[in-house]
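Notes follow once the structure below has been shown.
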Amino acid sequence: MKVWNYQLLTVLLLFVSFFSCQPGREGGESSLVYAVEEEWDAGLIEDTLRILQHDFQLVNASADTCRIQKIDKTCGCIRTTADRNEIMPGDTATISMVVELDNSPYIDKEIYVYTSLKKEPIALYITAIRGLSDQKIQSQFQYPMGENLRAMGSMIFPPFLEQGKVCGATTNIVNAGKEPIEVEWELKDAPKWLTVDVPSRLQPKETGRINVSFDLSKPSKEWGKHEYTLLVGEKGKKRFPLAIPTIVTPDLTAPEQGEGPQAFLPKTGYALLDSEKQQTTIVKHFDMLNMGGNLLTIADITPSIPSAKCKVEKTELSERQKTRILVEVPVKDLQRDSVLVIGITTNDKNSPYREVQIVY
């Protein structure tokens with residue numbers, strides 16, 4: 001009986017020993033083999049630097065020999081070497097990673113080291129930010145926005161912002177000085193669907209990116225032409241304007257069959273007669289036609305002078321139909337502004353926003 005108990009105990013001990021040594025169980029896999037540091041941040045580097053190199057230390061904390069099976073590179077610009085393919089228990093191997101740099105302002109490269117003691121690879125990263133030379137700063141960032149802050153230029157925006165869609169615009173800024181700077185910005189009276197992301201701090205010669213996002217995935221009451229102003233500058237100093245122009249349109253997805261609607265205005269400019277200037281209120285009218293196929297929908301008619309009033313006979317035009325738009329404006333307000341602009345937004349995918357001007 002004692003012999004049987006001894007044999008049973010031996011089998012149980014072997015069973016427990018076998019499963020306790022398997023990687024990936026009870027969260028013990030991560031302690032078998034690991035990198036002393038998984039990411040090396042080189043920080044701000046010189047614009048002329050062409051090579052980044054760093055040695056990563058791989059530690060075998062298990063009781064077994066660890067074999068480096070392969071190293072996957074995510075870019076042809078990366079070279080790797082290991083000083084040994086087998087790491088004895090308690091020993092360390094050196095993985096050397098060399099990155100050949102291009103002209104990208106941001107460096108973020110990684111490799112994956114596969115070993116015999118882990119199911120998942122160990123990811124090793126090299127990151128850095130390229131600092132621009134004074135010559136490149138002067139040639140590429142031509143818009144001063146303070147003593148040291150400079151912008152690459154005006155942002156390039158999509159021509160139309162369609163309801164139901166998300167899009168964005170961007171431009172870069174740089175700290176051209178020799179000390180770190182903090183960046184402040186302000187965007188007043190912007191709708192909720194317009195958001196801005198501006199870097200809060202820049203090191204010397206470091207570039208940052210201003211991102212503008214237009215999220216019209218949810219219904220919005222804003223139509224037609226608008227312009228918002230983003231003010232950016234160094235902390236505690238003058239802020240400089242960056243214009244954010246927008247033209248919000250209906251969904252301009254092309255119809256599945258046939259020609260799409262085409263908005264046509266026979267005349268887009270009207271000048272006041274001398275006799276009209278003597279009146280209290282001016283009334284003008286103009287026509288809009290649908291010169292294409294399918295239904296032309298007039299989504300919005302907005303005058304640039306708040307006191308002006310616009311009326312339209314009908315907002316939906318079938319093929320070759322027309323409608324009359326009536327405009328009424330006080331002469332004194334038109335005289336003060338010199339020009340009244342009537343913006344018309346339709347579902348014409350080629351010209352969804354049209355303008356008619358009345359000049360004093």
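The values are calculated or read from the model by the stated rules, or taken from the named source; none is laboratory data. Please read these numbers as outputs of a predicted model, since none were measured by experiment. Here the Cβ positions follow ideal geometry from the backbone for every residue, glycine too, while neighbour counts run over all protein chains shown. Each accessible area value is taken on the protein alone, full model and side chains, heavy atoms only, with ligands, DNA and RNA left out. Shrake-Rupley method; radii C 1.70, N 1.55, O 1.52, S 1.80 Å.
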| note | Subset of the range 140-166, residues open to solvent by 80 Å² or more (accessible area, probe 1.4 Å), in contact with a Gly (Cβ under 8 Å, 6 or more places away or on another chain) and outside any loop (DSSP other than H, G, I, E, B), comes to Y143
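For the range 302-332, what are the residues that are in a strand (DSSP E or B) and of a type in the set (V, I, T)?
In the first step, residues of the range 302-332 are kept if they are in a strand (DSSP E or B); the result is 302-303, 309-312, 316-317, 322-330.
Within the range 302-332, T302, V312, T323, I325, V327, V329 qualify.
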| Among the residues of the range 272-286 satisfying the criterion of being within 45 Å of the chain's Cα centre (by Cα) and open to solvent by less than 70 Å² (accessible area, probe 1.4 Å), which is farthest from I344 (Cα to Cα)? | K284
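What residue, of K109, K136, K119, is among the charged types (D, E, K, R) and under 30 Å from A63 (Cα atoms)? Explain how you work it out, then say what you get.
Numbers: K109 fails: under 30 Å from A63 (Cα atoms); K136 fails: under 30 Å from A63 (Cα atoms).
That would be K119, the only listed residue that is among the charged types (D, E, K, R) and under 30 Å from A63 (Cα atoms).
Out of all the residues in the range 156-196, which are in contact with a Lys or Arg (Cβ under 8 Å, 6 or more places away or on another chain) and either of a type in the set (A, V, I, L, M, F, W, C) or under 20 Å from P245 (Cβ atoms) (or both)?
T170, T171, N172, I173, V174, A176, I181, V183, W185, E186, W193
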| request: Spot the failing condition for I129; the list is (1) more than 21 Å from S213 (Cα to Cα); (2) open to solvent by 70 Å² or more (accessible area, probe 1.4 Å), and only one is missed. | output: (2)
| query | Could you say whether any residue in the range 70-80 is outside any loop (DSSP other than H, G, I, E, B), small (G, A, S) and under 40 Å from the mean Cα position of the chain (by Cα)? | reply | no
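Go through the range 56-73 and give me each residue that's open to solvent by 70 Å² or more (accessible area, probe 1.4 Å) and touching a Phe, Trp or Tyr at 6+ places or on another chain (Cβ under 9 Å). If you could, list the steps in order and put the result at the bottom.
First pass over the range 56-73, keeping only residues open to solvent by 70 Å² or more (accessible area, probe 1.4 Å): 63-64, 67, 69-70, 73.
If the condition is that a residue be open to solvent by 70 Å² or more (accessible area, probe 1.4 Å) and touching a Phe, Trp or Tyr at 6+ places or on another chain (Cβ under 9 Å), then Q69, K70, K73 are the ones that fit.
Filter the range 184-233 for residues that are β-branched (V, I, T), more than 19 Å from R130 (Cα to Cα) and crowded, with 17+ Cβ neighbours inside 10 Å and give the result.
At the first step, the residues of the range 184-233 found to be β-branched (V, I, T) are 195-196, 198, 207, 210, 212, 229, 232.
From the residues that got through so far, the ones that are more than 19 Å from R130 (Cα to Cα) too are 195-196, 212, 229, 232.
Within the range 184-233, V196, V212, V232 qualify.
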| request: Could you look through the range 308-355, keep only residues that are open to solvent by 10 Å² or more (accessible area, probe 1.4 Å) and among the acidic types (D, E), and pick out the one that is nearest to the chain's Cα centre (by Cα)? | output: E355
